[in-house]
Amino acid sequence: DSASHVAKRSGGGSYSFYSADHDRSARRLSLSTRIRHAIESGDITTEFQPVVRLQDRSIAGFEALARWTDPILGKVCPSEFIALIEASPLIDDLFDAVLHQALSAALAWQPESDDRPPVWVSVNLSARQLRNPELPGLILRAVSEVGLPTDLLTLELTETAILEPDPTTDRALHVLRDAGIGFHVDDFGVGYSNLARLGELIAKGLLRSVKIDRRLVQPLPDDGAHALLNALRSMTHALGLDVIAEGVETEAQLDALTGLGYDYVQGWLFHRSMPAHDARKLIIGR
Ligand code: C2E
Ligand code: MG
Ligand code: MG
Ligand code: MG
């Protein structure tokens, strides 16, 4: 910014850095206090973004996304507030709130006639949470309290969450999978993909689908992106998993993904995230 340029030119480079860092850490500090308070007082809400089946453009499921509006700071994006609490037990409290809202929403939006397939909900898990030995019990209790069939819940895990073989993580994945809960690999292609580990988890039948990160999808229909997305689709299908493209914003991206044989897409071209009652209205019509 211009202020720091001025400071640097006048020989005050270290001062300008101090000043930018200081603003940033002041915001972090204030946000950390406020997010803690918001979670403790139940002020986190959940919105739902449809995942569309490409074959017939129907809604296959919804992703639950945490939303927080601070009375003073306004809307804060989840990537910012989640980074602040990821290393603390608060992440479990946030997850618990989002999970409960997601399960009740999903119960309310199931189609009333048997000739339409049920509509799943997916909830994001942070990497560290899988190392909490109490996690599977917490999830299974919530699902049975609400009464949603377990196979309508999927959990989204980033590559980092499953990268390192870890006995507690493996146990959690098995217990939840045996109960019928599915797993998506989230943000695939932009992290550190340990393909050996991925293969191991697939061989054990622990994964249901792979979500390709929007940074790979958005350059479509560029040749390079097209070739890469084709390779990822073919890899995913060869492994017996479904493939979901994230961040679809344009008709050109949609046409490319349709041509490539993608199973599902999620993105603003179809729908943004919405409150639970709007999600229900989309499926049930009221
Ligand atoms: P994510 O899990 O990859 O979620 C998808 C993100 O992409 C969402 O951002 C969604 O609003 C955004 N998105 C969807 N379609 C489009 C599109 O067409 N264009 C663009 N530019 N963006 C699109 P959001 O809601 O801001 O969430 C950001 C991230 O925060 C999520 O990425 C997820 O990693 C994390 N997050 C959100 N809610 C939770 C939660 O309850 N728990 C945890 N652990 N993480 C969460
Ligand atoms: Mg996700
Ligand atoms: Mg994602
Ligand atoms: Mg993402």
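The values are calculated or read from the model by the stated rules, or taken from the named source; none is laboratory data. Here the structure is a predicted model, which means the values were calculated and not measured. Because the Cβ atoms are built from the backbone with ideal geometry, glycine has one as well, and the counts that use them run over all protein chains shown.
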Residue pairs within 6 Å by beta carbon, gap of at least six or interchain, first lying in region 210-225 and farther than 12 Å from G191 by Cα, second away from ligand 1 (no atom under 12 Å from the Cβ) and in a loop (DSSP other than H, G, I, E, B), listed first then second, are V210/L241; A225/P219
The residue from Q129, Q101 that alone is closer than 22 Å to V51 by Cα and among the polar types (S, T, N, Q) is Q101
Given the conditions (1) of a type outside the set (A, V, I, L, M); (2) surrounded by 19 or more Cβ atoms within 10 Å (Cβ to Cβ); (3) out of contact with any helix residue (DSSP H, G or I) (no Cβ under 8 Å at 6 or more places or on another chain), every one holds for E200 apart from (2)
Checklist line | Residue check for D213: within 15 Å of ligand 3 (Cβ to nearest atom), of a type in the set (D, E, K, R) and surrounded by fewer than 20 Cβ atoms within 10 Å (Cβ to Cβ) | finding: yes
Across region 230-250, the tally of residues that are among the aliphatic types (A, V, I, L, M) and more than 16 Å from ligand 4 (Cβ to nearest atom) stands at 5
Log entry, pairs with first residue in region 260-286 being touching a residue at least 12 places away in the same chain (Cβ under 8 Å) and under 18 Å from Q101 (Cβ atoms), second being within 8 Å of ligand 1 (Cβ to nearest atom) and not polar (S, T, N, Q), beta carbons closer than 7 Å, six or more apart or on different chains, reads S273/E47; S273/L65; M274/E47; P275/E47
Q) Does L229 satisfy the condition of being more than 16 Å from ligand 2 (Cβ to nearest atom), free of Cβ contacts under 8 Å to residues at least 60 places away in the same chain and over 22 Å from the mean Cα position of the chain (by Cα)? A) no
Taking first residues from region 122-146 that are more than 26 Å from I59 (Cβ to Cβ) and second residues anywhere that are basic (K, R), the pairs with Cβ under 9 Å that are 6 or more apart or on different chains are P133/R171; P136/R171
Filtering region 190-226 down to residues that are within 16 Å of ligand 2 (Cβ to nearest atom), among the charged types (D, E, K, R) and either outside any helix (DSSP H, G or I) or within 11 Å of E159 (Cβ to Cβ) (or both) yields R208, K211, D213
Result of the Cβ filter at 7 Å on region 59-88, keeping first residues that are of a type in the set (K, R) and partners that are within 16 Å of ligand 4 (Cβ to nearest atom) and part of a strand (DSSP E or B), at least 6 apart or interchain, is R67/E47
Filtering region 235-259 down to residues that are buried (at least 18 other Cβ atoms within 10 Å of the Cβ), assigned to a helix (DSSP H, G or I) and of a type in the set (A, V, I, L, M) yields L254, A256, L257
Filtering region 263-286 for residues that are farther than 22 Å from T250 by Cα and among the charged types (D, E, K, R) leaves a count of 4
| query | Does D187 satisfy the criteria of being within 16 Å of ligand 2 (Cβ to nearest atom) and at pLDDT below 95? | reply | yes
